[in-house]
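This report refers to the structure that appears directly beneath it.
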Amino acid sequence: MLKSKYLSVREQNVIKLIALNYTNKKIAKELYMSESTIKSEVSNIIKKLNANGRIHATVIAYKNRLISN
């Protein structure tokens with residue numbers, strides 16, 4: 001079960017880039033944020049989605065229509 005039904009807009013942007021196989025460094029550059037901020041966002045996403053990692057979080061987000069193609 002998801003801890004939060006929704007991801008914030010920032011988290012949605014991050015998970016979309018994770019789905020495109022972007023590294024934290026590349027996501028940070030794309031979104032004009034620090035790499036440490038992105039690491040924190042990724043951790044928050046994983047916790048919110050009760051996922052085991054980045055790829056699992058992406059799968060959960062797609063299955064629950066939290067992000068779309």
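The values are calculated or read from the model by the stated rules, or taken from the named source; none is laboratory data. These numbers were taken from a predicted model, which means no experiment stands behind them. So basically every Cβ, Gly included, is an ideal-geometry build from the backbone, and we count neighbours across all protein chains shown. Note: accessible area is taken over every heavy atom of the protein model, side chains too, but ligands, DNA and RNA are not part of it. Shrake-Rupley method; radii C 1.70, N 1.55, O 1.52, S 1.80 Å.
Remarks
- Cβ pairs under 8 Å, 6+ apart, first in segment 22-48 and farther than 20 Å from Y62 by Cβ and touching a residue at least 12 places away in the same chain (Cβ under 8 Å), second among the polar types (S, T, N, Q) and open to solvent by 80 Å² or more (accessible area, probe 1.4 Å): none
- Among the candidates V9, V14, residue that is β-branched (V, I, T) and open to solvent by 50 Å² or more (accessible area, probe 1.4 Å): V9
- Residues considered: E30, E41. Of these, the only one that is open to solvent by 90 Å² or more (accessible area, probe 1.4 Å), modelled with pLDDT of 95 or more, closer than 11 Å to L17 by Cβ and among the charged types (D, E, K, R) is E30.
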